[in-house]
Every structure is written in structure tokens, then in C-alpha cells.
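Peer 1: Sending over a structure as C-alpha cells; questions will come in a sec.
Any read-out appearing in this document is the output of simple, stated calculations on the displayed coordinates, not a laboratory observation. Because the structure is predicted, anything quoted here is derived from the model rather than measured. For neighbour counting, all protein chains shown are included, and Cβ atoms are generated from backbone atoms with ideal geometry for every residue, glycine included.
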Amino acid sequence: MGCCRVGRRPDVSGEYVSVEGSTKAVVTALGANLGIAVTKFVAFALTGSSSMLAESIHSVADSSNQALLLIGGKRARRGATEEHPFGYGRERYIYAFIVAIVLFSLGGLFALYEAWHKISDPHGITEWQWVPIVVLLTAIVLESMALRTAVIESNRSRGKAGWVQFVRRSKSPELPVILLEDAGALAGLVFALAGVGLTLVTGNGVWDGIGTAAIGVLLTAIAIVLATEVKSLLIGESATAEQVRLIRDAIVQSRDVPAVIHMRTMHLGPEELLVAAKVAVDLQDDAREVAEAINGAEARIRQAVPIARLIYLEPDVLRAKG
């Protein structure tokens, strides 16, 4: 997702986003979805609307996902062990990937199945007709508030990056996941409102099924986007171009290390960066001077990019090309 301070997380822009801000967005979304899920199930029980059922399951899936993100964040804070010497930072990526699977299976596929069932056997809403409209309008207000919180917290880190760029390049999975979920939930509510509204106006339950199908397609698309982006993090993404530049500049600031021969970086977690490089040293230096040069380069790297927690520098001779 630069440099950072203690307790804060760098993002694509190189600016700061607080760890508490990410958690705040997740908790806000969780609270909203739990309340919304209960009211949607009540509305479904009273009306039998397939759109209301799809939206109820959608809220349950979202609530489960936010709980998974909180669990992943907590487990990722465990320290390194002999069995896992690089720590558990990637657990946040694992749980974010599970979120995509839950959203696809529990949300998208269920909604598509329910849509097929309703379109095959359409029936209008004949009882408690005002209930789904009230519930959906209330849910739109609550989801808008949750999305607003996610947008505010994301704006603190995305800088000048666009929203698509923020989602694609963020090394911290929580805010992009919440942004997509909340935006999808809001759009799903609009689809449900349109389906229920047209069913009430026309008496034709097919509209209810069409609204449900739109929700299913939307959730499936969001799940695929999330899975694709988190998969890249799981495989292992490098530092940003700005961070790579800062690291290279820090290494060669001393005349004792005149050049970087080659370098590799990889995120072990959103706040943990592995740096491995082969650096040139002066042929006239003895072992003590080489060690001091390497130690100095490591200190400069940590000062320039504090999330560079693990640094391995190998001294070598810079050979002329050709």
C-alpha cells in the first residue's frame, strides 16, 4: 500500500493511515451489517421477497467477512517463531482471500440461485407491502454511513491515487475489502429496492427475481476482483517504486558502498518488508570496514523506509560489464 511511524501504516501514496483507522472502518461496517441483516430477515419472513432474502444473506456474508478481517488482523500480530521465522503478517492476506470465497459462495451464488427460483416461479408481494421499502431505505442510510467511514479512512492513505489504483496497489487488505463490500452493499440495496418496487407496482414477481439476479452478479464480480488482488499479495508483492528508490538511495549514500548490484524486495505483511541486495564494496576495505559499511547501509535503509524490518545485504565486487 514510503515510510511510516510507529503504529501507522504506509500506503500507495507514501502517506500515513492509522492501524486504528482500518479497524474502525471494519468495526463500523460489522455493526451496520449485523443490524441490517436482522431487519432484512424480518422483512423476508413477512413478505417472502427473494430480493430481501438475497440481501439478508448478503448482510450475513458481509458480517462474516468483517469478523474474518478482525480475526486475521489479530492473528497477524503474533511474533515470529522457530517454525515461522518471518512471522505471521501474511495471515491478513489469507483471511482476506477467505473473505472473497465467502462473498462469492454465500453471497453471489446464493443470490443467483434464489433469482432463478423466483423467476421460474414468480409471485407478487401481497402482505406487509410497506415493510421491504422501509427496511431497504433504512439499510441504504446505514450502509451509506459505513461507506462514508471507509472512504474517510481510505482518503488518509491513498493521497493522489485514484480509487481503482488504491484497491489494486494497497498492501493492506482491510480498507480495499471494506470499500468494495460497502459499495457493493449499497448498489445491491438499490437493485433490491428497484426489484421490490417494480414488483409492488406491477404485481409481477419476476421483477423481484431480476433484482435478486442483479445482486448475485454484482457480488460475484466483487468477489472475483477481491480474489484476484489478494492472490497477488499472497504470492508476494514487491515494495512500491518510491520505496525501492528510497532504499537504493539510502544504500549508496556512503562512499563505502558505491553501488547496488541487484536487489529484491517482498512484503511479508502490510507493515513488514523484506529487503535482499548484493552491494558493491571498496576492494581496499578490510573485513571490519566492510561490516561497518553494511551496518551503516542497513541503518540508512531503516531510517528511509521503516517497514523494512528484515534486511540482508551481501557484499560483492562490482565487475565491469563486457
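Peer 1: In cubic angstrom, how much convex hull volume per residue do the alpha carbon atoms of region 241-316 span? List each step's numbers first, then the result.
Peer 2: Values: hull volume 5.5 nm³, N = 76.
Spread over its residues, the Cα hull of region 241-316 gives 72 Å³ apiece.
Peer 1: Would you tally the net charge around residue 34, using a Cβ to Cβ cut-off of less than 13 Å, leaving residue 34 out, and scoring K and R as +1, D and E as -1? Before the final figure, lay out each step's value.
Peer 2: Working: positive: 40; negative: 62, 143.
Net charge around residue 34: -1.
Peer 1: Okay, moving on. Could you tally up the Lys pairs in the chain with alpha carbons closer than 23 Å? Skip any pair fewer than 8 positions apart unless they're on separate chains.
Peer 2: Within the chain, the lysine pair count is 9.
Peer 1: Given Cα positions, please report Rg to Rh for region 81-153, the hydrodynamic radius being the Kirkwood one.
Peer 2: On the way: Rg = 20.1 Å, Rh = 16.7 Å.
A ratio of 1.20.
Peer 1: Next question, about the same structure. For the chain, max minus min Cα coordinate along each principal axis, in Å, sorted largest first?
Peer 2: Taking max minus min along each principal axis of the Cα atoms, the chain gives 90, 39, 38 Å.
Peer 1: Ok, one more. Are there any trypsin sites (Lys or Arg not before Pro) in region 91-189 that are in a DSSP loop and have at most 12 other Cβ atoms within 10 Å? List them by number.
Peer 2: Values: sites: 92, 118, 148, 156, 158, 160, 168, 169, 171; in loops: 160, 171.
Passing both the DSSP loop test and the Cβ count: 160.
Peer 1: Can you give me the long-range amide H partners of residue 261? Hydrogens built in the peptide plane at 1.01 Å from N, cutoff under 5 Å, separation of 5 or more residues or another chain.
Peer 2: Long-range HN contacts for residue 261: 278, 279, 280.
Peer 1: So, one more: In bins 10 Å wide, starting from 0, what share of all Cα pairs of region 138-223 does each bin hold, as a percent?
Peer 2: Answer for region 138-223: a P(r) of 18, 38, 28, 13, 4 percent.
Peer 1: With each label point set 7 Å from Cα along the Cα-Cβ vector, what nm distance links residue 289 and residue 245?
Peer 2: 3.3 nm
Peer 1: For residue 101 and residue 253, compute 0.36 nm times the residue count separating them, minus their Cα-Cα distance, and round to one decimal in nm.
Peer 2: On the way: separation 152, 0.36 × 152 = 54.72 nm, distance 4.63 nm.
The span from residue 101 to residue 253 would gain 50.1 nm if fully extended.
Peer 1: Still on this structure, please answer the following. At 25 °C and 0.890 mPa s, grab the translational diffusion coefficient of region 170-322 from Stokes-Einstein with a Kirkwood Rh over Cα pairs, rounded to a whole number in µm² per second.
Peer 2: Values: Rh = 19.3 Å.
Roughly 127 µm²/s, to the nearest whole number.
Peer 1: Oh, and also: Go through region 68-109 and name the GluC sites (Glu not before Pro) that are in a DSSP coil and have 12 or fewer other Cβ atoms within 10 Å of their Cβ. Spell out each step's value before the answer.
Peer 2: Working: sites: 82, 83, 91; in loops: 82, 83.
Sites meeting the loop and neighbour criteria: 82, 83.
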